[in-house]
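Remarks on the structure that follows.
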Amino acid sequence: MNNRHLTQCLVPSIADLLLATVLCTLFFTTPSQLLLDGDTGYHIRAGEEILRARAVPLFDMFSQHAPPLPWTAHEWLAEVIMALLHQACGMSGVVALYALLLAATFRLLFRALMSYHAGVLPATAVTLATLICSKLHWLARPHLFTFLLLVVFHYLLEAWRRRGGRSLWLLPPLMLLWANLHGGFAAGLLLLAAYLAGTAAGMAGGTPETRRAARRKTGELGAAFLGCLAAALLNPYGWRLLLFPLRLVSDRYLMEHVAEFLPPSIHGWLPFNCMLLLLIALFALSRKKTEPTELLLVLGFGYMALTSARYIPLFNLATAPALAARLGELGQEGGGRWVRFLKGLSTRLARLERRALPVWGAAAVAVVTAATAGGLFRHSFDRRLMPVDACEFVLRKGIKGKVFNSDEFGDYLIYRGYPACRVFIDGRLDMYGAQRLKEYNEVIDFRPGWDRVLERYGISWIIFETDSRFARFLQQRGEWQLIYADEVATVFEKKPAPH
């Protein structure tokens, strides 16, 4: 290999640049963006409890409610992985895991779009746009497994649709893994259902030969769907896990009062608005006939994204191939100077992409792994966002009794305070249900009867956001004594009743 060829091989590919940039930026930035949410803490403790008991829980152990609440720990396998990494490498191990998952997701997405002959420039543009749109959910939580597995599922389905082969039969084993990592496995079933319905639509017209081919492919997809459904049943909760997403979305109070379940504001997330409008415009301008599967994916995942902001990343990941194909089609039309320039640039970049060795991506993974294992870079929750100091005060003073806490603080209290401190509420709102969320909202909005709710639960101390209306309200109440305050959290203790 001559020096020139070696140099070309060592030029980083776009796929490697994506992996290295996302991985190193997320890991070597402190405080980490991945730790902006306290849910990470409760997932770690849940994993530790599963390891300790050697069983997946059926009932909650972190809250003060009695009898214990039924709990579907649908993320149990991801929580075990998080707990093992936390025990071995501290919070840095957890951050490294999720940084790598995100980096791998977008590297694989780019490579998948390239394999669909979208062209380097459209594939790069769509991957970057998808990356930007998904940033609102870049948190060290099990849902990032769903991001990666959705891309893998889509790639395998497209590979089978375009080239045939046996890639379809990798889906049930992947579903077995997915169903035990995160409840987002339902997105995989929806993706498969869209391909099944879209392929079945091919039996309605065309020549006898095309109808026979569509019938055969529909049978294969139907078998794969049933295989995935059976694989999803192989979890600690059996068929009840399949009903979990349905129970969640059917609870109207939760859907209407939890921020991440609310529909996106038209002014709230500009990247998503732009992506949606661009996709609609490209479909309208395209001369290529829209395939039924493409249409079902856009309509299905688009509806999900418009009803709940949490589904925006899934919409972008599921519709990325359709968007890249339409962008690539635009690049093939016309013959102006700019079009010729972009075609030539795309051709040269494609050659580099094929020749480049995956050196830089491997180097980035090695550096992050060494920094994590060697303890050279340490991550922790940001004390400017989480009640780190307030919790240390509570534990140091040995404050006992039942707590009423902010739902945003509950997950961190589990991470730092369990088992000494058991929370009133935390991020598992699906477990607490509409009734307890209503009671929580009655208290923090100090509606008539709010104090009776605290009496009914025997609350003796409260920890809440310092800048909240509720904390300011309590400071005016004679029965609650302020015992600690910083810029993040305020702690109140109930005064003894006068004799």
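Got a number for carbon plus sulfur as a percent of the chain's accessible area, 1.4 Å probe?
Roughly 62 percent of what the probe reaches on the chain is carbon or sulfur.
Mind pulling the angle between the C-alpha long axis of helix 407-417 and the longest principal axis of the chain? Nearest 10 degrees, somewhere in 0 to 90.
80 degrees
When the solvent-accessible surface of protein heavy atoms is calculated with a 1.4 angstrom probe, in what order do 278, 306 fall, highest first?
Order by accessible area, largest first: 306, 278.
Which angle from 0 to 90°, rounded to the nearest 10, does the C-alpha axis of helix 76-89 make with the longest principal axis of the chain?
Between the helix axis and the principal axis of the chain, the angle is about 80 degrees.
Taking 0.36 nm per intervening residue step and subtracting the Cα-Cα distance, what contour gain separates residue 162 from residue 373 on full extension?
Going from the current span to full extension adds 71.8 nm.
Find how many whole Å separate the alpha carbon centroid of the stretch 251-323 from the alpha carbon centroid of the stretch 161-223.
Each part reduced to its Cα centre gives a spacing of 22 Å.
For the chain, report the translational diffusion coefficient in µm²/s to the nearest whole number, using Stokes-Einstein at 20 °C, 1.002 mPa s, and a Kirkwood Rh over Cα pairs.
85 µm²/s
What relative contact order, as a whole-number percentage, does the stretch 411-499 give when Cα pairs under 8 Å and 6 or more residues apart are counted?
Taking the mean separation of contacting Cα pairs over the length of the stretch 411-499, I get 18 percent.
Take every Cα pair under 8 Å in the stretch 131-220 that's 6+ residues apart, average their separations, divide by the length, and report that relative contact order as a whole percent.
RCO, the stretch 131-220: 23 percent.
Go through 402/495; 135/288; 438/494 and tell me which ones have a Cα-Cα distance over 21 Å in this structure.
Beyond 21 Å: 135/288; 438/494.
Compute the long axis of helix 388-397 from its Cα atoms, compare it with the longest principal axis of the Cα atoms of the chain, and write down the angle in degrees, 0 to 90, nearest 10.
30 degrees
With an 8 Å cut-off on Cα pairs and a minimum separation of 6 or more residues, tell me the relative contact order of the chain in percent.
Over the chain, the number comes to 21 percent.
Among the lysines, which have Cα under 21 Å from the Cα of residue 217 when same-chain residues fewer than 8 positions away are ignored?
289
Could you state the accessible area per residue of the stretch 115-226 in Å², with a 1.4 Å probe and every protein chain left in place?
Accessible area per residue, the stretch 115-226: 39 Å².
Sorted by mean Cβ packing within 10 Å, highest first, what order do the peptides 147-157, 359-369 take?
Those peptides, ordered most packed to least, come out 147-157, 359-369.
Given a Förster distance of 56 angstrom, what is the FRET efficiency for residue 442 paired with residue 11, based on the Cβ-Cβ distance and rounded to 0.05?
Efficiency, rounded to the nearest 0.05: 0.35.
The values are calculated or read from the model by the stated rules, or taken from the named source; none is laboratory data. Remember, predicted model here, so these are calculated numbers, not experimental data. As a convention, Cβ positions derive from the backbone with ideal geometry for all residues, glycine included, and neighbour counts pool all protein chains shown. Each accessible area value is taken on the protein alone, full model and side chains, heavy atoms only, with ligands, DNA and RNA left out. Shrake-Rupley method; radii C 1.70, N 1.55, O 1.52, S 1.80 Å.
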